[in-house]
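Below is one structure, written out as structure tokens; the observations come after it.
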Amino acid sequence: MKVLAKALQALSKIGDELFIEAKTDGLAFITLNSSKTVCSRFTFQEAFFSSYEVNQNDSTEDISCKIHMKIFLPLFKGNLEKKLEYFKVEYLVDSDFIIFKMKYKCDDIVMVHKLRLMDTETLSIGVTTNSGCNNVSASSSFYNQLLSMFNLTDDEVTFEITKAKVVARNYCLGTPCRPKMMRTQINLNSTEFLTYFITKTSSINFSLKPFRTLVHFAETFNLNVDLNFEIGGKPLSMVLKNPTFEVSFIVATLDPYSDTNSSIATVSSPKIATKKPPKITDEADDLTSKESSFLELMKQSENVNDIDVIPKSPESPRSKKAKTVFGRCYDPTFHETVLGEVLAANSDSE
């Protein structure tokens, strides 16, 4: 019951609608976020249940239904592992209800919850969890330490993957970045991972919310997290495996440097070229040459101050819209021409 309750809590952080699919070899709980960019799937094998029976009536199609998360999640609140003796799910094909029976240990009371289902929809996902050519695996505690270095207000992260290391940095929408925003960059060597198989270097940008949810669930049961991906713009698969259940998150990604830069930005200090002083005896010409060289040094020093230790995130079209929404709020609303001719001048401040 603890695994099932934690799984449903994790699913509730992603989407509001829960798809339930019953097959002969196991039961699956699936949800999608509102923008259809994250798909979370928890598959429980037949060995996970004490009793599991599915009657398809000679039909090749899987039995599926959809229920709203708000009416389903309250059933699994509290420490059910110590309270319940058993938990039973009953569903008839083409029925409008799904029945949950809960038998408590303290007495002989059996609570029956009859929940109404939503309109049935077919859910098809055309991405497999092992479709990527790159594979990275590490323990859940390793990823948890990585996430602890990022601020909770960070929504997205960028992974720049090479055959030697992974560079993780928080993604800032738009340029220039906010002056008070903390930039984070972590370099992870390939030896720090349990599995590091990279055939194609790439840069991927994805949301931190499903990643945090998966790592939190994996750390509860001490499971390793596998990341399968190819390049930015193609889905990223996060997989957890256990003998009795399997978890997979499919997250949409993008390549943050596809439009602006094609490689990782590096920081290099500008080189100041030294020239031999010209052989000029005129003091006025010597003075002008000193002033011009001084101005060049000032410009170069300004360029040094403008360089950020962590490369700025590429500009997003969403940031341009945010700048223009409240632009008119700062325009002056009072002009002297509104009142027409001024008959009396302003009095002195004294």
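Each reported figure results from applying straightforward, stated rules to the coordinates on display, with no laboratory input. Since the structure is predicted, the reported quantities are computational estimates derived from the model, not experimental observations. When we count neighbours, we look across all protein chains shown, and the Cβ atoms used for this are built from the backbone with ideal geometry, even at glycine.
Going down the list LYS70/LYS105; LYS6/LYS101; LYS2/LYS234; LYS13/LYS77, which pairs span over 22 Å between their C-alpha atoms?
Pairs exceeding the cut-off: LYS70/LYS105; LYS2/LYS234.
Over all directions, how big on average is the projection of the convex hull of the alpha-carbon atoms in the range 1-71, in square nanometres?
Averaging across all directions leaves 5.4 nm² for the Cα convex hull.
Counting Lys and Arg as +1 and Asp and Glu as -1, what is the net charge of the other residues whose Cβ lies under 14 Å from the Cβ of SER148?
Neighbourhood net charge equals -1.
Cα centroid distance between the range 13-57 and the range 137-174, in Å?
That distance is 29 Å.
Could you give the Stokes-Einstein D for the range 134-240 in µm² per second, using the C-alpha Kirkwood radius, 37 °C, 0.692 mPa s?
Answer from the Stokes-Einstein relation: 229 µm²/s.
Give me the one-decimal nm value for the distance between modelled label points at ASN130 and GLU192, 7 Å along each residue's Cα-to-Cβ direction.
According to this spin-label approximation, the distance is 2.8 nm.
Measuring from label point to label point, each 7 Å out along Cα→Cβ, what is the LEU123 to GLN185 span in nm?
Between LEU123 and GLN185, the simple spin-label model gives 4.0 nm.
Please list, in order along the range 13-21, the HN-Hα scalar couplings obtained from phi with the Karplus expression 6.51 cos²θ - 1.76 cosθ + 1.60 (θ = phi - 60°), rounded to whole Hz, x for Gly and Pro.
After applying 6.51 cos²θ - 1.76 cosθ + 1.60, I find 7, 9, x, 9, 10, 10, 9, 10, 10 Hz.
Along the range 128-140, what does the Karplus equation 6.51 cos²θ - 1.76 cosθ + 1.60 (θ = phi - 60°) give for ³J(HN,Hα), rounded to whole Hz, x for Gly and Pro?
Using θ = phi - 60°, the values come out as 9, 6, 10, 7, x, 8, 10, 9, 10, 9, 7, 6, 5 Hz.
Between LEU75 and LYS241, what length in nm is gained on full extension when 0.36 nm per residue of separation is reduced by their alpha carbon distance?
Going from the current span to full extension adds 57.2 nm.
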